[in-house]
Structures are given as C-alpha cells and as structure tokens.
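The numbers here are math on the coordinates, done by the rules we state, and not lab data. No experiment lies behind these values; they were computed from the predicted model shown. For neighbour counting, all protein chains shown are included, and Cβ atoms are generated from backbone atoms with ideal geometry for every residue, glycine included.
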Amino acid sequence: MNKRQFTEWLKTFRESINGYTYYTDFSKVYENAEHLKIEINILNSLIGSQTIEADFENILNKYPQCLKAIPILLAVRESEIYCQDDKGAVNYSFKNKTQTIEQYKYFMRKTGLFGLLQNHIISNLYDYVTGVEVGLDSNGRKNRGGHQMENLVESYLKKAGVEYYKEMYLTDIERRWHIDLSSISGNGTSTKRWDFVVKTSNCIYVIETNFYKSEGSKLNETSRSYKMIAEEAKAISGFKFIWITDGGGWSSARRNLEETFNVLDTLYNIADMENGLLAAALI
C-alpha cells in the first residue's frame, strides 16, 4: 500500500457532515402534531367564523381541553404564556382553565390569533401546526449535529460486522479483557471514555471520533492529546488506537494534525471510511 500524503489527504476533508435527517426530524414533527390532533380539529371550526368570539366561548365551555392546543399556534411549547400591556400582566395557563373565558378571548384577540382564523389566512389548522412544528424542530439541529460523526462511524462499524461497544471507559476495558492500559491512563489518574471500542480475536481497538466545521484552539489541543495516546498505544500488545476526524476547521490547525498523521497510521477521515480503510484496519 502506498504511503499516504498528508496534503492530499487533507484535501479530501468535508466542509459539512449534515445527513438527510439533520434538517428536520419529520417523525418528531408528525408525532407532536398528532398529539394535539383532536383539539386542533375542534379549533378548525373557527376558521372563517364571523362570530369567532362567541364560537370560541362555546368551544371552551364544551371542550376546555382545547386550551392546550393554543400555545403551539404561536410557536410556543410551554403551557404557560406571560403577557402584559397597559391593562396589566397576566400569566396565562393553557394546561388548566385558570383565567376567565373573557381573559382568554382577550389573549386570542391581542395576539392576533382571532384575526388569523377569522380572516381565513389559513385554511387548515392541522397543516398550519405541522408547519409550525417544522420551524420549531430546526432548533434541534444543534443537538442532532453533535452526534452526526458518531452516527456515521457507527454505520460503518455495523457494515463491517465487527463486535463493538459505545462510550466505554478505559477502566472497563481493563477489567473486561484483562489488559494493562496504565500508560494511557497516567497510572490510573485519568478516566478516559472512548467513543467506540472494537474487539476482535487478537486486538482491542479504541476509537475516537470528531468533526470540526470551524477553527478554534480545541483542535490543536485534541491533536496533541491524540498524538500522545498514539505514541503510548504502540507499546501495548493487542491494542490499537484509531482516530476518525474531518471538517473544514482543520485547515487552520493542519500543522498539529500533520504531526499526529505522521505517527498514527490509523488516523482516518470520512473519505477513508468510504474507501474501506476503517473496515480493512479492523480485520
């Protein structure tokens, strides 16, 4: 196998790791909308009403549970909404009917919800709520983004058909397979947790994964730390360290990354996994 060239390898790094489900979790969107489907459909009768305040009052008298569907019409998940104006402050509860119907009518009027419904600006509240849920779900992208690299690596581990474990502590590895990792743990002073551990018949592979979209001091710290682990791991029989990283952020920290690249043959990126290098290393 030809020796890899760092500069050429770095060119294969990806600017983004976003998968197809990163942008919107539609299963969650549908689940949230479905949860309020009955109440939403009852409130649907207010669309185009010329006597909307009286109709709203009738609905609350007959179906007070419809109150819980009102916050989502304003893209609010909480069951309490605080409002104030020149008439004072009110903390509206939509879990239980704690205000008078007149007060809830005032809320609907002042927030513009009566206007939205009466003027036929929308034709179906369920479709409207589904759209609101899509918008709110975009706030979850940060959380989904934080696990994308781990999820991607795990998909390749599954494809390779290997025995693997997630988020395993160094001390657990030592106890389970009776291996001395004190050189890595600083003689027991560090409680390192690995993203993945792969066990084969003749080797234990510990895997760290990360993706850096933007630059920062953390990249240099990570690279130096993993270089140290890579060098210490070489002296441990039946044990190998694998680091899988990617992202445009490395362009500003390439020097430290190159130093680690030169001492760690099992440093891979996404393109390497696509080309089968990770699977080949675990054989």
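Subtracting the Cα-Cα distance of N96 and S225 from 0.36 nm times their residue separation leaves 41.0 nm of extension gain.
With unit charges on the beta carbon (Lys/Arg positive, Asp/Glu negative), name the residue among Q84, W177, I236 whose Cα is farthest towards the positive pole of the charge dipole of the chain. Highest projection toward the positive end goes to I236. Dipole check for the range 36-139: with +1 at the C-beta of Lys and Arg, -1 at the C-beta of Asp and Glu, and the Cα centre as origin, the magnitude is about 200 Debye. Ranked by how many other Cβ atoms sit within 10 Å of their own Cβ, fewest first, the residues T200, T266, T260 fall in the order T200, T266, T260. Comparing Cα centroids, the range 1-57 and the range 77-107 end up 28 angstrom apart. Placing +1 on the Cβ of every Lys and Arg and -1 on the Cβ of every Asp and Glu, with nothing else charged, gives the chain a dipole about its Cα centre of roughly 280 debye. For the range 36-139, the relative contact order comes to 34 percent (Cα pairs under 8 Å, sequence separation of at least 6). Legend: distances between Cα atoms for K158/K234; K28/K218; K142/K234; pairs beyond 31 Å are K28/K218; K142/K234. Arranged from fewest to most other beta-carbon atoms within 10 Å of their beta carbon, L74, L116 become L74, L116.
Which order do K87, K159, K3 fall in if you start with the one that has the fewest other Cβ atoms within 10 Å? Don't skip to the answer; put the middle values down first.
Values: K87 9, K159 12, K3 5.
Final ranking by Cβ density, sparse to dense: K3, K87, K159.
Rounded, prolate or oblate: pick one for the range 18-65, where a ≥ b ≥ c are the square roots of the eigenvalues of its C-alpha gyration tensor, a/c under 1.5 means rounded, and failing that, prolate if a/b is larger than b/c, else oblate. Taking the square roots of the gyration eigenvalues as a ≥ b ≥ c, the range 18-65 is prolate. Cα centroids of the range 121-168 and the range 179-241: 27 Å apart. Between I42, I122, L74, the Cα set farthest toward the positive side of the dipole of the range 36-139 (charges on each charged residue's Cβ, about the Cα centre) is that of I42. Between Y82, Y169, Y156, the Gaussian network model of the chain with springs among Cα atoms under 10 angstrom shows the greatest mean-square fluctuation at Y82. Ranking V263, S217, T111 by how far each Cα lies toward the positive end of the dipole of the chain (charges on Cβ) leaves V263 at the top. The value for the range 161-234 of Rg(Cα) / (2.2 N^0.38 Å) is 1.18. Here E174 and K37 are evaluated by their C-beta separation; at R0 = 45 Å the FRET efficiency comes out at 0.30.
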